[in-house]
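Asker: The structure's right below; bear with me while I get my questions together.
None of the figures in this text is laboratory data; all of them are computed from the coordinates on show. Just so it is clear, the model here is predicted, and its values are computed rather than measured. Note that we place each Cβ from the backbone using ideal geometry, even for glycine, and neighbour counts take in every protein chain shown.
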Amino acid sequence: MMYGKLHGACLYGIDGVIIEVEVDLANGIPQTSIIGLPDSAIREAIERVRAAIKNCGFTYPIQRVTINLAPADLRKEGSAFDLAIALGILMTSGQIQLPSTGRMMMIGELSLDGALKPVHGVLSMVDKAKREGFTSVLLPYENAAEACLIRDIDIYAIKHLKDLCPPNESAVSGDSYRQQPAIVTSLSHHKAAASPELSSSDGTSIFEDYEDVIGQLHVKRALTIAAAGMHNILLIGPPGTGKTMLVRRLPSILPSLSEQESLEVTKIFSAAGKLKEANSSLLRTRPFRAPHHTISAGGLIGGGTIPKPGEVSLAHRGILFLDELPEFSRNVLEVLRQPLEERAVTISRARAVFSFPAHFMLAASMNPCPCGYLGSDHPKQRCTCSPSRIAGYRAKISGPLLDRIDLQVDVPQPKEWSHQDKPLSSAEMKQQVLAAQAVQAERYKGLPLIWNSELTGSLLRRYTSLTPEAAKLLSHTFEALGLSMRSHDRILKLARTIADLAGVSQITMEHLAEAIQYRQLDRRTSDLIG
């Protein structure tokens, strides 16, 4: 009886999990079984591994082969175990001998001829291996650049199973085992070539500038506030006023991701299979995701038999843009309430509960009514919608969801098209954002938050002190508009960001008044359609 053990890995949500791959060879009727809650892709690995071993000149054992994936109570899925299973069989049967120094993890999918194919989620798996004390990882060549983003762990990359042994030992005669095992000593440490520029997370250019937008200074001001505190924002205006153009330039004024944030975001894209470039790098620009309004609830928050991250997780630490907000299904919009509040998505399945990070800024746009021209003073663009139709259109967005949107900004048609003054540029707006971010970084040093939008509970009360005049104004507004407590708190957070942009420690009446005037949709419906 012969026994061997290697280590592989799989994804659990977006996190890597180390799996022990145990191989037992025993006398009996030749058959191979895989146990330990494998999915269909892992069960099919038997045939891939058998063909790969045979086609690389090795011999598949004519014995009873039992492969156990431990821990046995954790559901495993994917094809990343192929390499560990193949090497476990070859090592246990005495056909190869792996290096005895250090701990090595093995990841990779095998083709029938023994070539290695890349797998998803390598970044999370290698990061977990490093934290678990592994010294090296063996994986497909195509995944090497991604794996090398994790420092202080050796990455060995191969293109074919034959690369593990010298060419003159890669063949055996008949079905007999080798007399001497091939010793795997020729692996070369892989280093990823340095990429001259860090890539954008969605593959699009982020160099669109607000200097291209003429006028709309009050909207640019609102977007600056939103970026400075990572506040949710909704732009409301008739067609053609530039709502989409304004939001799509929002990434140009956001600060770059920190090292820890870059790793978080890149791991999510890796788990979702979005890192397809050969020379990958950590994503430094904040994600900008703009799903179509036909998206399903599962596509937005994640899902599947074994859940995968959805758009809200792919927008983690960045922006989720919902263009024409009322066109989205109400059921789809309602699933946003939990991630907007808790900054995470929890998906329960019969065998497990998965949690995905979803800390994003929601940016949205909408028309004021179905025809789009409510409030227009142009003689050829008069609104033709009845009050009941307008109310039904607005009702597609529930009150609780609107409560979670900090800035609700009107975007009217520009009155002047001529270039009277130089338009405000992204560089100027970003300078203000970075200054406000520096203030927040100093204020929240040592606390589990970064942005003003994350303030809650006692921390909110501690860092949003009001002058007596500002406190009186907030109390009056709270009663006059019938605000919810959530809206009350979000006005305070917004005022805190406005004060930070002004470089003032205490919130004054001017800061609070500006924050209140951004709550356009907190008025009564009769006021909105009157």
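Asker: Tell me the angle of helix 468-481 to the major Cα principal axis of the chain, expressed in degrees between 0 and 90 and rounded to the nearest ten.
Answerer: 90 degrees
Asker: Using helices alone, I'd like the mean residue ellipticity at 222 nm for the chain: each DSSP H run of four-plus residues gives -39500 (n - 2.57), total over residue count, nearest 500.
Answerer: Details: 20 runs with 176 residues, N = 530.
The per-residue figure over the chain is -9500 deg cm²/dmol.
Asker: If you take every DSSP beta bridge fully contained in the stretch 2-183, what fraction is antiparallel? Give it as a percent rounded to 5. Display every interim value, and only then the final one.
Answerer: Working: 21 of 38 bridges.
Counting DSSP beta bridges with both partners in the stretch 2-183, the antiparallel share is about 55 percent.
Asker: At a Förster distance of 41 Å, what's the computed FRET efficiency of residue 97 paired with residue 343, Cβ-Cβ distance as r, to 0.05?
Answerer: Values: r = 49 Å, r/R0 = 1.19.
The calculated FRET efficiency here is 0.25.
Asker: For the Cα atoms of the chain, what angle does the longest principal axis make with the long axis of helix 217-229, in degrees from 0 to 90, nearest 10?
Answerer: Roughly 40 degrees between the two axes.
Asker: Which whole-Hz ³J(HN,Hα) couplings does the stretch 351-361 yield from phi under the Karplus relation 6.51 cos²θ - 1.76 cosθ + 1.60, θ = phi - 60°, glycine and proline marked x?
Answerer: So the J values, rounded to whole Hz, are 9, 6, 10, 10, 10, 10, x, 8, 9, 9, 9.
Asker: How would you classify the stretch 21-60 from its alpha-carbon gyration tensor, with a ≥ b ≥ c the square roots of the eigenvalues: rounded for a/c under 1.5, else prolate if a/b is greater than b/c, otherwise oblate? Write out the running numbers ahead of the final one.
Answerer: On the way: a/c = 2.12, a/b = 1.18, b/c = 1.79.
Oblate, since a/c reaches 1.5 and b/c is not below a/b.
Asker: Quick one: if you stick a label point 7 Å off each Cα along the C-beta vector at residue 478 and residue 259, how many nm between them?
Answerer: Result for the modelled spin labels: 4.3 nm.
Asker: Starting from the Cα of residue 76, draw a straight line to each of the lysines and keep only those under 30 Å, dropping any in the same chain fewer than 8 residues away.
Answerer: Leaving aside lysines fewer than 8 places away in the same chain, those within reach of residue 76 are 5, 54, 117, 128, 130, 159, 162, 191, 267, 274, 276, 308.
Asker: Which of the peptides 506-518, 40-52, 9-21 is most tightly packed, and how do the rest follow, judged by the mean count of other Cβ atoms within 10 Å per residue? Before the final figure, lay out each step's value.
Answerer: Details: 506-518: 19.8, 40-52: 18.1, 9-21: 22.5.
Descending packing order for the listed peptides: 9-21, 506-518, 40-52.
Asker: Could you derive backbone 3J(HN,Hα) for the stretch 301-309 from the dihedral phi with the Karplus parameters 6.51, -1.76 and 1.60 (θ = phi - 60°), listing whole Hz in sequence and x where the residue is Gly or Pro?
Answerer: Here the 3J(HN,Hα) series is 9, x, x, x, 4, 10, x, 10, x Hz.
Asker: Along the Cα→Cβ direction, 7 angstrom out, place labels at residue 111 and residue 33. What is the inter-label distance in nm?
Answerer: 3.3 nm
Asker: Of the DSSP beta bridges with both residues in the chain, give the percent that are antiparallel, rounding to the nearest 5.
Answerer: 45 percent
Asker: Out of all Cα-Cα pairs in the chain, roughly what percent, to the nearest whole number, are more than 41 Å apart? Working shown, then result.
Answerer: Numbers: 49827 of 140185 pairs.
Here the tail beyond 41 Å accounts for 36 percent of pairs.
Asker: Counting only other residues whose beta carbon sits under 9 Å from that of residue 6, what net charge do I get with K and R as +1, D and E as -1? Before the final figure, lay out the partial values.
Answerer: Values: positive: 5; negative: 20, 22.
Net local charge, residue 6 excluded: -1.
Asker: Working from Cα positions, state the angle (0 to 90°, nearest 10) between the long axis of helix 426-443 and the longest principal axis of the chain.
Answerer: Roughly 80 degrees, rounded to the nearest 10.
Asker: Another question, if that's okay. Assuming 0.36 nm per residue, please report the length gained on full extension of the stretch residue 330 to residue 506 beyond their Cα-Cα distance. Walk me through the numbers before you get to the answer.
Answerer: Values: separation 176, 0.36 × 176 = 63.36 nm, distance 3.93 nm.
Using 0.36 nm per residue and subtracting the Cα-Cα distance, I get 59.4 nm.
Asker: Given a Förster radius of 60 Å and the C-beta distance between residue 351 and residue 381 as r, what FRET efficiency does 1/(1 + (r/R0)^6) yield to the nearest 0.05?
Answerer: On the way: r = 56 Å, r/R0 = 0.93.
Rounded to the nearest 0.05, the efficiency is 0.60.
Asker: On to the next question. Order by neighbour count: 351, 394, fewest other Cβ atoms within 10 Å first, most last.
Answerer: 351, 394
Asker: How much length is gained if the chain between residue 40 and residue 72 is pulled fully straight, taking 0.36 nm per residue apart and subtracting their Cα-Cα distance, in nm to one decimal?
Answerer: On the way: separation 32, 0.36 × 32 = 11.52 nm, distance 1.58 nm.
Length gained, residue 40 through residue 72: 9.9 nm.
Asker: Determine ³J(HN,Hα), in whole Hz, for all residues of the stretch 67-78 in sequence, where each value follows from phi through the Karplus function 6.51 cos²θ - 1.76 cosθ + 1.60 and θ = phi - 60°; x replaces Gly and Pro.
Answerer: 10, 10, 9, 10, x, 6, 8, 9, 5, 10, 8, x
Asker: What distance in nm separates the simple spin-label points at residue 209 and residue 396, each placed 7 Å from Cα in the Cβ direction?
Answerer: Between residue 209 and residue 396, the label points sit 3.6 nm apart.
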